[in-house]
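K.L.:
Let me begin by handing over the structure; questions about it come next.
The values are calculated or read from the model by the stated rules, or taken from the named source; none is laboratory data. Here the structure is a predicted model, which means the values were calculated and not measured. Cβ coordinates were reconstructed from backbone atoms using ideal geometry, including for glycine residues, and neighbour counts include every protein chain displayed.
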Amino acid sequence: MTEFRDNRTAKTTGDASDSTGDALGEGADGDAVGGTGSGATDGGTAVRGERFSGGPARGFLSSMAADERIFEADLAVDRAHVVMLAEQGIVGDDEAGQILQALNVVEVEEHKELPDGEDVHEAIESKVIAIAGDVGGKMHTARSRNDEVATCIRYRLREDVLAALDAVNDARAALVEVADAEGETLMPGYTHLQSAQPTTVGHWALSYAGALARDADRLLDAYERVNESPLGAAAFAGTPFDVDRDRTAELLGFAGLVENATDAVAARDHLVEVASALASVATHLSGLAEDLVIFANRGFVELDDAYSSTSSIMPQKKNPDTLELVRATAGDASAGLNGLLSTLKGLPRAYNRDLQSATPHVWSTVDAVTEATSVAAGAVATAEWPSEALAEAAGEGFSTATAVADVLAMADVPFRQAHEVLATASEQADGSAPSVDTIAAVVEDVLGESMETYVDEATVADALDPAANVAMRDSVGGPAPEAVASQVANAADALAADEEAVTGKRDALALAHETLQDEVSDYV
């Protein structure tokens, strides 16, 4: 967030000694803190002063390094809160201006110039007090670090969820493009990694596009729970100040409030929801990566060099290394979700310091999964599919057997008897595709009648041909080219709708961002 850098210069505010009142708020442990600058300027901090500012546990308590991620979010939350305090008459307009100008200086100097502190919230407050004097201590009026940090996390997480959605939608787009281009490209289909039925590359790609579409739905749903404001809940029991929680929610682009003050500061289930959706993405990507690794091994796909590597000793090797790392991301995502759930398990209500260790699980998960998704999308988009090799393999292992059983069943042979016919024919052919004559002989042995009583030889021959076999399976969602074309159209429509939804959410955040900037400019 850099909107205040271009048209404002950092400057020292005038004497603020005539400001009235002290800021009252709550530290992350619930202790009341004063709002003067003494603690920040006498070797302590704005929150802890001298009494709690030393000792070997200070570093253990500190989240300063990890909090760099929410530095800009904290500045936005501070600004919205101060604007609201001024609008409600809780602080004077001049005082708000001094605080907001100090926040501009903090932004320009960035996270690296903050003083030491337990967290970024305390460090920013200490810096504001150092710049603005005692009036800076009024910034924390009518709030706690408990509702502040909960708001900052949600503010930043919205951006991360939208970035993850972009990556997921890009992967869907790549898969849909492959499905459209390769809708008639035959390939072998497997169950239990054994030859099962012929299918097409397009049909295979759509199976993952559908899975990622559901993942996108889950992330969009999770975004709605993230996009609620806890600000104004204070420590957990509200505040006697006449705050306007709806106004701060509006300035920060939140769609609503987490109304109950205790729930507002304690709730982290939105983190679980996001982490769970991301774990699902990673699990689907792991399957996709596994398929591509196996396909590459069998000569069914040629991965682009940009998504491959070679051996340090065997120069002939072309290894699908990036996809192996994509595959491994499922473990990272699962660990993040399990770590988060384990941290949250059994916490008493309201704020607990354990929550400081909860959020990094989500940050690491969203980063890992978003990156892996982008890599997987690139690998799919640039892959080449050798149609001749795929077509040759499509009929291996008598994969057309089910279609022959189906044509017999369509001719009123009970399917279980048709299944027996083809199982016997397969056994006689020793695993290869049996000839039409072999199938006819088995039909007569098993059913006691000539095959021609049920189907003609041409129908059976078509069923034995992988291309005709695929074309037969034109049910909704099937691999027949016309069925794949319909699925491609539906998948493209769903993708466009989701991309539009993401754009709408991002536009709403941008509008709130501009509104907050405009409001701040009235005071500075």
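K.L.:
Please pick out the residue among V301, V265, V293 that is under 25 Å from G339 (Cα atoms) and in contact (Cβ under 8 Å) with a residue 12 or more places away in the chain.
P.N.:
After ruling out the rest, the residue left standing is V265.
K.L.:
Please count how many residues of the range 440-477 are outside any loop (DSSP other than H, G, I, E, B) and either of a type in the set (K, R) or closer than 13 Å to A403 by Cα (or both).
P.N.:
Result for the range 440-477: 13.
K.L.:
List the residue pairs whose Cβ atoms are under 9 Å apart, where the first residue sits in the range 314-340 and is in the same structural domain as T359 (by TED's automatic domain parsing), the second is modelled with pLDDT under 95 and charged (D, E, K, R), and the two are 6 or more positions apart or on different chains.
P.N.:
Close Cβ pairs (under 9 Å, with a partner that is modelled with pLDDT under 95 and charged (D, E, K, R)) amount to K318/D305.
K.L.:
Does A222 satisfy the criteria of being assigned to a loop (DSSP other than H, G, I, E, B) and not aromatic (F, W, Y)?
P.N.:
Considered against the rule, which asks whether it is assigned to a loop (DSSP other than H, G, I, E, B) and not aromatic (F, W, Y), A222 comes out as no.
K.L.:
Here's something else I'd like to know. Confirm whether S144 is among the hydroxyl-bearing types (S, T, Y), modelled with pLDDT under 90 and at negative phi.
P.N.:
Answer is no for this residue.
K.L.:
Condition first: within 19 Å of the chain's Cα centre (by Cα) and either crowded, with 22+ Cβ neighbours inside 10 Å or more than 19 Å from D67 (Cβ to Cβ) (or both). Can you find one or more residues in the range 177-185 that meet it? First the steps, then the outcome.
P.N.:
Going through the range 177-185, the residues within 19 Å of the chain's Cα centre (by Cα) turn out to be none.
No, the range 177-185 contains no residue that is within 19 Å of the chain's Cα centre (by Cα) and either crowded, with 22+ Cβ neighbours inside 10 Å or more than 19 Å from D67 (Cβ to Cβ) (or both).
K.L.:
Let me ask something additional. Given the options A289, A249, A296, A333, name the one that is more than 30 Å from G504 (Cβ to Cβ) and buried (at least 22 other Cβ atoms within 10 Å of the Cβ). It would help to see each step written out before you state the result.
P.N.:
Numbers: A249 fails: more than 30 Å from G504 (Cβ to Cβ); A296 fails: buried (at least 22 other Cβ atoms within 10 Å of the Cβ); A333 fails: more than 30 Å from G504 (Cβ to Cβ).
Matching residue, one of A289, A249, A296, A333: A289.
K.L.:
Say we look at the range 489-511 and pick out the residues that are touching a residue at least 60 places away in the same chain (Cβ under 8 Å) and more than 21 Å from E177 (Cβ to Cβ); which of these is surrounded by the fewest Cβ atoms within 10 Å (Cβ to Cβ)? Spell out the reasoning first.
P.N.:
Kept after step one, since they are touching a residue at least 60 places away in the same chain (Cβ under 8 Å), are these residues of the range 489-511: 491-492, 494-495, 498-499, 501-502, 505-506, 508-509, 511.
Narrowing the set further to residues that are more than 21 Å from E177 (Cβ to Cβ) leaves 505-506, 508-509, 511.
Details: K505: 20, R506: 16, A508: 15, L509: 18, L511: 11.
Step by step, filter the range 489-511, then rank; the result is L511.
K.L.:
Restricting the range 468-488 to residues that are polar (S, T, N, Q) and either out of contact with any Leu (no Cβ under 6 Å at 6 or more places or on another chain) or loosely packed, with under 15 Cβ neighbours inside 10 Å (or both), which is nearest to T200 (Cα to Cα)?
P.N.:
Residues of the range 468-488 polar (S, T, N, Q): 469, 475, 486-487.
From what is left, the residues that are either out of contact with any Leu (no Cβ under 6 Å at 6 or more places or on another chain) or loosely packed, with under 15 Cβ neighbours inside 10 Å (or both) are 469, 475, 486.
On the way: N469: 11, S475: 15, S486: 14 Å.
Selected residue: N469.
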